[in-house]
Amino acid sequence: MAEVRPFRGYRYNPDKVSDLAKVMAPPYYAISDEGREKLYERDKYNAVRVVLGRRSSDDTPENNCYTRAAQTFNNWIEQGVLKRDEKNTIYLYEQSVVRHEASFSNKGFIVQLKLEDSSAGNVVPCEETVPSYKKDRYGLLSETHMNVSMIDCMYTDPDNEMLGLMTEISDSQPDMEFESMDGVTQRVWMITGEENIKFIIEYFKHKKLFITEGQNRYETALHYRDEQRAANPSGTDDESYNYIMALLTNAGNDGLVQMPVHRLVSKDAGVQESRFIALAQDHFRVEKIIVDANLEEFVSTIQHQIATPRKENKIAVYFGGNYFYRLILTDIEYMQEILPDKSEAYRSLDVTVLNHVLLGDILHISPEDFQTCVTFTKHILQGVKKVQENEYDCIFIINSAKISQIMGVAEAGEKMPRRTVNIFPRPATGIVFNKLVD
């Protein structure tokens with residue numbers, strides 16, 4: 001089903017860059033303005049300079065963050081900072097990290113993935129796209145003609161057919177190894193042997209891929225491909241612009257974790273606690289839980305109280321003080337009533353219940369108002385603090401969607417709501433770059 005192939009990637013030259021940790025950057029969407037400045041200061045060759053360069057009030061169509069990124073790339077190649085691998089390569093990429101006394105290790109293959117329209121059904125997007133993000137990423141792609149970061153795709157391997165090859169390769173000395181600034185150990189092995197590459201290519205011919213991160217870049221790449229094809233009518237369909245750099249990871253890997261993204265509601269929404277709770281009782285069992293503890297214990301209690309192994313929706317909402325509310329959906333039929341055209345997989349998501357019932361029906365926050373009224377956060381503790389400091393009216397805390405739920409929604413031909421898919425660990429930017437036009 002999916003068509004993959006090796007490629008000659010550009011990587012940092014160890015003769016020019018002695019400390020790889022200093023030149024790596026997080027994914028572009030995880031970099032704040034403050035974080036960008038720190039990365040600029042970290043090293044003159046840090047990948048942030050190409051993936052999310054500084055903007056200026058003096059920017060013009062001829063001189064802007066995208067044209068400067070292209071010039072930076074060209075300079076780094078000319079200076080030998082980036083060096084192209086001599087052989088066509090598939091890269092085995094491993095990330096290992098310890099969080100809260102638990103160890104996570106995830107392996108995947110970095111390949112060139114053949115672009116195809118979603119109607120083909122072999123490469124399935126999992127999350128809604130954002131027009132402004134696509135415009136931004138297209139600006140970068142059209143100037144650099146380079147994949148500066150990889151998209152993430154999951155595949156299923158119930159029989160662990162790839163485990164043997166991954167183990168065999170990772171038992172050898174890695175070609176790259178370092179610890180990035182977020183404490184993740186990064187290792188890369190170059191697979192150049194013809195037999196192993198052929199095995200990987202043939203294996204993925206029978207697999208469906210699910211895009212878990214990078215939907216905006218994938219659609220941008222399709223647009224870029226079509227433009228390149230129009231400009232090169234004698235093309236062979238084998239050119240690199242018909243492909244995108246992708247990391248392929250086994251969905252059943254224990255080291256792959258889906259993390260929740262919570263919602264802060266701004267003062268603009270005008271939330272009234274008593275009115276909200278009264279209305280929520282039409283569809284939820286509402287329980288007020290008082291916690292006399294420090295902030296960390298308070299947050300831990302919230303997480304514990306909404307955790308559930310069963311197929312039910314538990315959501316917490318915090319308005320301030322020493323208590324929070326646990327909301328347990330009881331009116332299951334209501335979800336069918338308001339979303340009759342959606343699949344059961346989609347309706348059963350915590351985030352669907354949150355978006356459509358709590359934020360939509362009760363607080364009257366429309367999808368168009370999300371940008372001004374709702375802020376996303378991955379950090380409960382920081383979010384609770386912001387409510388306590390009266391920066392926001394409240395915070396909704398949800399459980400993460402299970403990877404099986406994400407794939408179930410995608411299989412139904414639907415997409416997860418925006419900012420729902422949050423796979424950990426995330427690949428670093430700067431591991432390898434994929435040039436699309438020579």
Checking the structure you have, find out if any residue of the stretch 384-404 is surrounded by 19 or more Cβ atoms within 10 Å (Cβ to Cβ), touching a helix residue (DSSP H, G or I) at 6+ places or on another chain (Cβ under 8 Å), touching a residue at least 12 places away in the same chain (Cβ under 8 Å) and of a type in the set (D, E, K, R). yes
Only one of (1) at pLDDT 95 or above; (2) out of contact with any Asp or Glu (no Cβ under 9 Å at 6 or more places or on another chain); (3) over 30 Å from ALA412 (Cα atoms) does not apply to PRO233, and that is (1)
Starting from residues that are part of a loop (DSSP other than H, G, I, E, B), more than 30 Å from ASP59 (Cβ to Cβ) and acidic (Asp, Glu), keep the ones in the stretch 118-176 and report whichever is nearest to the chain's Cα centre (by Cα). ASP157
Which condition from (1) closer than 19 Å to GLU116 by Cβ; (2) out of contact with any His (no Cβ under 9 Å at 6 or more places or on another chain); (3) crowded, with 18+ Cβ neighbours inside 10 Å is the one that ARG187 breaks? (1)
Just need a number here: residues in the stretch 290-345 that are crowded, with 17+ Cβ neighbours inside 10 Å and assigned to a strand (DSSP E or B). 10
How many of the residues in the stretch 222-269 are touching a Leu at 6+ places or on another chain (Cβ under 9 Å), part of a strand (DSSP E or B) and not small (Gly, Ala, Ser)? 8
For the stretch 130-167, how many residues meet the condition of being among the polar types (S, T, N, Q), more than 22 Å from THR72 (Cβ to Cβ) and surrounded by 16 or more Cβ atoms within 10 Å (Cβ to Cβ)? 0
Condition set basic (Lys, Arg) and more than 22 Å from the chain's Cα centre (by Cα), scope the stretch 39-53, selection nearest to TYR10 (Cα to Cα): answer is LYS44
Would you point out the residue of the stretch 1-18, among those that are of a type outside the set (Gly, Ala, Ser) and within 15 Å of THR429 (Cα to Cα), that is surrounded by the fewest Cβ atoms within 10 Å (Cβ to Cβ)? TYR10
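Among the helices (runs of 4 or more DSSP H) lying completely within the stretch 1-110, list those that include at least 1 residues that are among the acidic types (Asp, Glu). Before you say what the answer is, go through the steps one by one.
Numbers: elements: 33-42, 48-51, 65-78.
Where helices (runs of 4 or more DSSP H) fall fully within the stretch 1-110 and carry at least 1 residues being among the acidic types (Asp, Glu), they are 33-42, 65-78.
The values are calculated or read from the model by the stated rules, or taken from the named source; none is laboratory data. Nothing here was measured: the structure is a model prediction, and the numbers come from that model. No Cβ is skipped: glycine too gets one built from the backbone with ideal geometry, and neighbour counts run over all protein chains shown.
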